[in-house]
Amino acid sequence: MWGIQMEKNFRFKLNGKTIDLASSPERMLLWVLRSDLELTGTKYSCGEGFCGACTVLVDNEPVLSCQFPLKEAEGKEVLTIEGLGKNGELHPLQDAFMQHNALQCGFCTPGMLLGAYALLLKNPEPSTKDIVDTMEGNLCRCGSYKRIIQAIQTAARTMRGERP
Amino acid sequence: MKEDEYHFTLDRREFLKLVGSGIVVFFTTGDPFALQQRRDRGYPADFNAYLRIGEDGRVSCFTGKIEMGQGIHTSLAQMLAEELDVPLDKVDMVMGDTDLCPYDGGTFGSRSTKYFGPPLRQAAAEARAILIQLASERLQVDQKNLVAKEGVIFHQQNPQKKISYAQLAQGKKIERHLEEKPPIKPYRNHTVSGRPTDRMDARQKVTGEAKFTGDIRLPGMLHAKILRPPAHGETLKSVIVSAAKEIEGVTIIQDEDMIAVLHKYPDMAEQALGLIDARFEPFRSKLDNQTIFRHLKNSAQEGDVVTEKGNVEEGKRLSAKTFDKTYYNHYVAHAPSEPHAALVNIEGNKATVWASTQSPFRAQAEVAQVLGFPQEKVRVITPFVGCGFGGKNQGYQIVEAARLAKLTGKPVQVAWSRKEEFFYDTFRPAAIIDIKSGLDGSNKIVFWEYRNYFAGDRSSQPFYDIPHFRVLSMGGRGGSVHPFGTGAWRGPGSNTNVFAMESQVDGMAEAAGMDPLEFRLHNLDDERMRRVLMAAAEKFGKSFSRAPSGKGYGLACTDYLGTYLATIAEVDVNKNNSEVRVKRVVCAQDTGEVINPEGVRMQIEGCITMGLGYCFTEEIRFSNGRILDENFDTYEIPRFSWTPQIETVLVDNPEMPPQGCGEPAITSMGAVIANAVYDAIGKRMFTLPMTPDRIKEALS
């Protein structure tokens, strides 16, 4: 029972900054981010790894933070939506989501952006099929998929230095 | 009671105190439903919204409507900016805050732009007239020589002579109530309204800064998890909470029927809840998704006539061919991205509530009642709402959070898990539609007899030229007939009705030996409907044949509360695994004057995509009061790979006032896909969703 387990000290990088915190090792990263660290951009939507709303990057790999124990973040680099833009500048993906209006209610958007960012790190020139296959686990109830695909393609072009 | 005898909880003067100085214009929306509700509840009947030009020149619109993704945050701002001649980025929408906004009945039914927009325009025109008047006094220039542009009023001949709205509003406290209607701009002169406009809330949403209810943090707040029965109808028999108490920092509350575990971390509260040993009295029910339709039929009441014309018996005598079919749909969940959440903070005799709700004023009344507070001592603030679709008209989590805040003396958040969301959702009702209809010798529909069991009657009025028809509702949406909560679901009633009606029409087209488009045009006088059909067909660009042609083309059209639309789909049915792939969907919609073409297209695309869920997979399975679908592993909603090629046509109709667009296009999805599947395989699907199992059964 982790709730009554001893707390341990953890150190990891979060959006470029070193974080030291004491907590139970089995707690899911999602709740540590949202509660202990008050970074609420990462969303709870299904809690069981079926929807992708809680996607963050750990050492550049997309993970479902509702299923990712804190202990596995030890010594690693975590990226959340709050760290996607740099120095007040939006990331090209964020720009592209705005330009294509690739969101409605916006609740799934942070998870979509992080999932797309992880994809573009590995595959700077994804086909539509690559995007669909990679993003298949991210759900958008408002039904913005068509525009999200377009936005990812636009961002990919921008990041490759082509005209968007 | 005379109108001036009403007791107003907050009158205009009190609102003015709250909003501070500037120029304020009150106005009343023309939504008949909202007006009635406001009267019933003792709110002022003479205004329900206002706008303010502040001393900084920014314009604020205060409305009890809420933003849940549908985009009125942007479209209403466009209407205001247009009429007031201010840049769009100078407009602030203040929405769903019961302290700052006058009463509103709730955000649903695609009513916001339709009913709120036109009076907002009038109010903005009034504000502009006041500003011109003030500028005339300050600049010593005759009003007729003054022009307003982008928040500045200047002399037409001498543009150096100018004054800004900000300067005019400074030190002013002007209150106007709109009585005479100043002229509004003809749509031809619009430069902001009618132009494709990006969402004004997008930046907050792509940076993670946008706050939803669950994102609000208060010092000392606790997260509550509440003990739930495993099934509807089960009651608590015994409970042992001692193990849960072992967790450090946990608070356990037992109050009447509620047992809650609270902790500063939500996951710890959840963990502690799991340690509670609770026994429930089992509940036996014969109802499940196999038996539900028989139960519904047996629960039918004597039918209320929704609409009728001519004499159905006479129509039957005139028929050369008759058709008698029954259509079914199962329970469907709202499944909003953001599960219901609420945070309540009580300080002294005042409560502040943050809630994911479509009805902040309803929440205010419920919280006031449960706390024993006067309504004006409860403030409901509506942050961004992550989908609603009608599912957030109700929200028991708000009352639960209020009770727990009172009992603990701390701010308390109740945020439902996905499982709770599926358990307490007010599902779209399972329903049955019986249709008898007939064609005469010239392939005209001569009679139509429609029995609606619990879908709700919206969109059940025939729009074809039928001389003899009768539409009966056999008991509304059913209420307690259903084994759990049901309610309005995006396009309530219409999804089921359009599925049945337009499937029936397709069957008649085949019997008439005509293709689906030809047959509809043959039976339609309504010019608007003919126009959307032609527009969709033109965009689709391929010709229909009499079904089943093997091509997999489907067509459906409807009138949703004044918005007309026609949808065409192209599908492939895989005969090996009975799966349907939707390749392309074209939708032509006449929504009257279009305020934000980009916003309307987004809504149509969203409707089409979301609608595929209830076509193919979305069906709540249940047994003995248990909801068997508890998450997205078994309750499948549309995903990236489902996305067809989507094309939207906005049929120009600017002379007609703007109509709603958040729901209409989803209502035709069941029919258009069923018709396309029929065209592909020659088997008609009478039940939604059209799962591979049902298609396989039809094929065998």
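Any residue in the range B:337-354 that is assigned to a helix (DSSP H, G or I) and modelled with pLDDT of 95 or more? No, that holds for no residue.
When every residue of the range A:90-97 is checked against the conditions, at least one turns out to be at pLDDT 95 or above, in the same structural domain as residue A:151 (by TED's automatic domain parsing) and within 21 Å of residue B:610 (Cα to Cα). Of all residues in the range B:135-147, those satisfying the criterion of being touching a strand residue (DSSP E or B) at 6+ places or on another chain (Cβ under 8 Å) and under 23 Å from residue B:181 (Cβ atoms) are B:135, B:136, B:146, B:147.
Restricting attention to the range A:8-29, does a residue exist that is assigned to a helix (DSSP H, G or I), crowded, with 21+ Cβ neighbours inside 10 Å and more than 8 Å from chain B (Cβ to nearest Cβ)? Within the range A:8-29 (the criterion being assigned to a helix (DSSP H, G or I), crowded, with 21+ Cβ neighbours inside 10 Å and more than 8 Å from chain B (Cβ to nearest Cβ)), the answer is yes, since at least one residue qualifies. For the subset of the range B:74-109 comprising residues that are of a type in the set (S, T, N, Q) and touching a Ser or Thr at 6+ places or on another chain (Cβ under 7 Å), which member is nearest to residue B:600 (Cα to Cα)? Going through the qualifying residues, I end up with B:75. Every condition in (1) more than 9 Å from chain B (Cβ to nearest Cβ); (2) in contact with a helix residue (DSSP H, G or I) (Cβ under 7 Å, 6 or more places away or on another chain); (3) within 30 Å of residue B:635 (Cα to Cα) is met by residue A:32 except one, and the failing one is (1). When you check residue B:194 against the structure, is it more than 30 Å from residue A:102 (Cβ to Cβ), surrounded by 15 or more Cβ atoms within 10 Å (Cβ to Cβ) and at pLDDT below 95, yes or no? For residue B:194, the condition - more than 30 Å from residue A:102 (Cβ to Cβ), surrounded by 15 or more Cβ atoms within 10 Å (Cβ to Cβ) and at pLDDT below 95 - is not met.
Restricting the first member to the range A:47-75 and to residues that are without any contact (Cβ under 8 Å) to a residue 24 or more places away in the chain and within 10 Å of chain B (Cβ to nearest Cβ), and the second to residues that are part of a loop (DSSP other than H, G, I, E, B) and of a type outside the set (A, V, I, L, M, F, W, C), the beta-carbon pairs closer than 6 Å and six or more apart or on different chains are A:47/B:417; A:48/B:631. Taken together, the residues in the range B:311-354 that are farther than 30 Å from residue B:506 by Cβ and crowded, with 24+ Cβ neighbours inside 10 Å amount to 11.
Residue check: is residue B:356 among the polar types (S, T, N, Q) and not assigned by TED's automatic domain parsing to the domain that holds residue B:508? So residue B:356 passes the test. Being in contact with a Leu (Cβ under 9 Å, 6 or more places away or on another chain), at pLDDT 95 or above and either outside any helix (DSSP H, G or I) or at the interface with chain A (Cβ under 10 Å from one of its Cβ atoms) (or both) is a property that residue B:673 lacks.
For residue B:57, are the conditions met, namely being at positive phi, at pLDDT 85 or above and among the small types (Gly, Ala, Ser)? Taking the combined requirement at face value, the residue satisfies it. Regarding residue B:664, is this residue touching a Leu at 6+ places or on another chain (Cβ under 6 Å), more than 10 Å from every other protein chain (Cβ to nearest Cβ), touching a residue at least 40 places away in the same chain (Cβ under 8 Å) and crowded, with 21+ Cβ neighbours inside 10 Å? Spelling it out, residue B:664 is indeed touching a Leu at 6+ places or on another chain (Cβ under 6 Å), more than 10 Å from every other protein chain (Cβ to nearest Cβ), touching a residue at least 40 places away in the same chain (Cβ under 8 Å) and crowded, with 21+ Cβ neighbours inside 10 Å. Residue count for the range B:516-527 satisfying the condition of being out of contact with any strand residue (DSSP E or B) (no Cβ under 8 Å at 6 or more places or on another chain) and surrounded by 20 or more Cβ atoms within 10 Å (Cβ to Cβ): 1. Candidates are the residues of the range B:208-240 that are of a type in the set (A, V, I, L, M) and within 14 Å of chain A (Cβ to nearest Cβ); the one that is surrounded by the most Cβ atoms within 10 Å (Cβ to Cβ) is B:224.
In the set (1) assigned to a loop (DSSP other than H, G, I, E, B); (2) out of contact with any Phe, Trp or Tyr (no Cβ under 7 Å at 6 or more places or on another chain), residue B:684 fails one condition alone, (2).
The values are calculated or read from the model by the stated rules, or taken from the named source; none is laboratory data. Please read these numbers as outputs of a predicted model, since none were measured by experiment. Reconstructed Cβ throughout: ideal geometry from the backbone, glycine too, with neighbour counts over all protein chains shown.
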